[in-house]
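As structure tokens, the structure follows; a few thoughts come after it.
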Amino acid sequence: EAIKHAKHQPDKVLLVNRDLADMPMQDGRDVAYEPQRTKHLSTQVPCEWVESSHPSYILYTSGTTGTPKGVQRDTGGYTVALGSSIRRIYLCEPGDTLFTTSDIGWVVGHSYIVYAPLIGGATTVMYEGLPTRPDPSIWWQLVERYRVTSMFSAPTAIKLLKKEAPDAAKAHDLSSLKAFFLAGEPLDETTSAWTQEALGVPVIDNYWQTESGWPILTLPTGVAPIERRLGSAGLPVYGYNIKLFDEETGAEITEPDKKGIVTIASPLPPGFMQTVWQNDERFISTYWQSVPSQSVYNTSDWGIRDKDGYYYILGRTDDVINVAGHRLGTREIEASVSTHPGVAEAAVVGVTDQVKGQTPIAFVTLRSDNIDESSLLAEIQDVIAKQLGAVARPSAVYPVNSLPKTRSGKVLRRALQALAEGRETGDMSTLEDPGSIEEIKNLF
Ligand code: PRX
């Protein structure tokens with residue numbers, strides 16, 4: 001399906017048969033993995049020497065607009081960052097075993113399933129599948145079987161396991177584990193404390209982004225023992241100069257416990273993104289010119305710092321939402337919802353969800369009165385699953401007569417989110433049509 005849609009048609013496609021479905025092959029283009037694998041098993045592949053600034057990969061990630069950005073990474077700096085962090089942060093020495101439960105298509109998987117463990121001389125466990133299949137003890141079975149020494153996951157997965165099989169870990173020998181790391185979304189105190197109790201090892205939060213490629217905030221306990229604080233993502237990692245700024249004035253926030261935009265002053269550490277692939281302008285305007293009167297890297301996250309320098313991440317400053325540790329742009333979901341033939345306009349916001357952190361919901365205006373609203377949710381979910389993946393499917397779709405907009409035509413997404421979460425909308429004086437917000441209030 002993906003190849004059918006691609007503008008660039010690949011010359012060759014390597015196909016791996018997992019015996020899950022038919023595997024039709026196209027003559028001249030497709031090559032079966034077996035027998036190629038057996039044939040080349042002992043082939044020596046020489047190193048290709050490149051400049052340290054040579055791009056190693058591009059990963060697309062969401063932002064404020066409907067078009068994802070290609071995060072371009074270098075080679076040398078990334079190697080330094082991963083070679084250091086695998087030991088100093090993830091506590092893996094040569095010979096140790098890291099089990100990262102991510103997907104290699106995401107940054108956590110790139111960094112800590114593939115490159116970092118191998119650069120650091122550690123063994124990596126790559127597991128493809130859900131934490132609950134074939135049963136919710138599969139992770140702990142793997143830890144026991146492979147004597148895993150460090151594990152890295154996301155809070156959503158832990159919440160799921162806590163709900164489905166709270167005692168599963170206790171039935172396995174996890175004595176090889178030194179620490180358990182979590183990233184990708186806020187780690188609440190309950191989940192953190194539960195995980196620590198269930199596994200009997202320190203639980204360490206780490207905050208970072210596709211852009212950074214490795215942790216921005218955490219506790220590098222491989223450098224020195226550091227006190228943990230529940231609810232805090234930790235201290236700035238060596239190499240990062242973190243500053244907080246006021247969103248409106250651009251003034252630096254130096255006093256403790258005051259909310260600001262989390263930024264990184266230049267120079268950025270090794271491993272950080274080089275630019276937006278083929279779009280230096282976008283790299284500059286999005287990341288370096290978005291804090292008033294400052295030239296600092298903008299993470300687009302809110303945060304506070306306590307009097308001892310510990311940071312607390314409070315969520316995104318832009319239209320990005322975090323669903324089960326996945327970063328999604330609400331504008332991309334809107335663009336996808338709007339491809340449903342019945343939909344005229346769409347607004348998507350993230351609302352709080354007990355397990356997934358946030359879940360998208362959509363407000364839509366319809367092209368005609370004859371559209372069957374009873375099947376709309378399923379149809380839209382299907383469109384999104386095909387275009388963006390199942391994780392981006394809205395959990396609810398609300399057909400409305402009009403979307404609340406300002407006189408200049410901006411949809412008031414924060415107001416929609418507030419109402420859906422049962423909060424007050426705040427100032428509505430810029431609203432074009434007061435009736436539009438009343439209609440939405442009545443939905444909740
Ligand atoms: O909002 C922050 C949240 O996830 C965003 C980055 O997502 P992504 O590019 O997919 O990279 C994930 C790499 C771990 C951040 O801007 N986020 C990530 N980690 C945390 C977090 N929010 C709170 N606490 C964290 N530990």
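The values are calculated or read from the model by the stated rules, or taken from the named source; none is laboratory data. Quick caveat: nothing in here was measured; it's all calculated off a predicted structure. Positions of Cβ are generated from backbone atoms using ideal geometry, with glycine treated the same way; all protein chains shown enter the neighbour counts. Surface accessibility is based on the protein's heavy atoms, side chains included, excluding ligands, DNA and RNA. Shrake-Rupley method; radii C 1.70, N 1.55, O 1.52, S 1.80 Å.
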Q) Would you say Thr210 is of a type in the set (Val, Ile, Thr) and open to solvent by less than 30 Å² (accessible area, probe 1.4 Å)? A) yes
Of the conditions (1) assigned to a loop (DSSP other than H, G, I, E, B); (2) open to solvent by less than 40 Å² (accessible area, probe 1.4 Å); (3) not aromatic (Phe, Trp, Tyr), the single one that His110 does not satisfy is (1)
Those residues of region 170-191 that are at pLDDT below 95 and open to solvent by less than 70 Å² (accessible area, probe 1.4 Å) come to a total of 5
Would it be correct to say that Ile242 is in contact (Cβ under 8 Å) with a residue 60 or more places away in the chain and away from the ligand (no atom under 12 Å from the Cβ)?
yes
Taking region 310-345 and the residues there that are open to solvent by less than 20 Å² (accessible area, probe 1.4 Å) and farther than 14 Å from Arg393 by Cα, the one that is farthest from the ligand (Cβ to nearest atom) would be Gly342
The condition from (1) surrounded by 18 or more Cβ atoms within 10 Å (Cβ to Cβ); (2) modelled with pLDDT under 95 that Ser84 misses is numbered (2)
Exactly one of Thr100, Thr64, Thr75, Thr79 is surrounded by fewer than 20 Cβ atoms within 10 Å (Cβ to Cβ) and within 16 Å of the ligand (Cβ to nearest atom), and that one is Thr64
Those residues of region 138-194 which are over 23 Å from the mean Cα position of the chain (by Cα) and in contact (Cβ under 8 Å) with a residue 60 or more places away in the chain amount to Ser176, Lys178
Inspect all residues belonging to region 82-96 and state whether any of them is within 16 Å of the ligand (Cβ to nearest atom), touching a helix residue (DSSP H, G or I) at 6+ places or on another chain (Cβ under 6 Å) and closer than 30 Å to Glu281 by Cβ. yes
Condition set under 18 Å from Pro68 (Cα atoms) and in contact with a Gly (Cβ under 9 Å, 6 or more places away or on another chain), scope region 283-300, selection farthest from the ligand (Cβ to nearest atom): answer is Thr286
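Can you confirm whether Val203 is within 27 Å of Trp106 (Cα to Cα), touching a Gly at 6+ places or on another chain (Cβ under 8 Å) and crowded, with 20+ Cβ neighbours inside 10 Å?
Numbers: within 27 Å of Trp106 (Cα to Cα): yes; touching a Gly at 6+ places or on another chain (Cβ under 8 Å): no; crowded, with 20+ Cβ neighbours inside 10 Å: yes.
Considered against the rule, which asks whether it is within 27 Å of Trp106 (Cα to Cα), touching a Gly at 6+ places or on another chain (Cβ under 8 Å) and crowded, with 20+ Cβ neighbours inside 10 Å, Val203 comes out as no.
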Worksheet item: Can Ala224 be described as more than 13 Å from the ligand (Cβ to nearest atom) and open to solvent by less than 10 Å² (accessible area, probe 1.4 Å)?
Response: no
Please determine whether any residue of region 370-378 is within 16 Å of the ligand (Cβ to nearest atom) and surrounded by fewer than 19 Cβ atoms within 10 Å (Cβ to Cβ). no
Output for Cβ contacts, cut-off 9 Å, separation at least six or different chains, first residue over 26 Å from Val276 (Cβ atoms) in region 208-232, second near the ligand (Cβ under 8 Å from one of its atoms) and in a loop (DSSP other than H, G, I, E, B), reads Leu230/Leu187; Gly231/Pro186; Gly231/Leu187
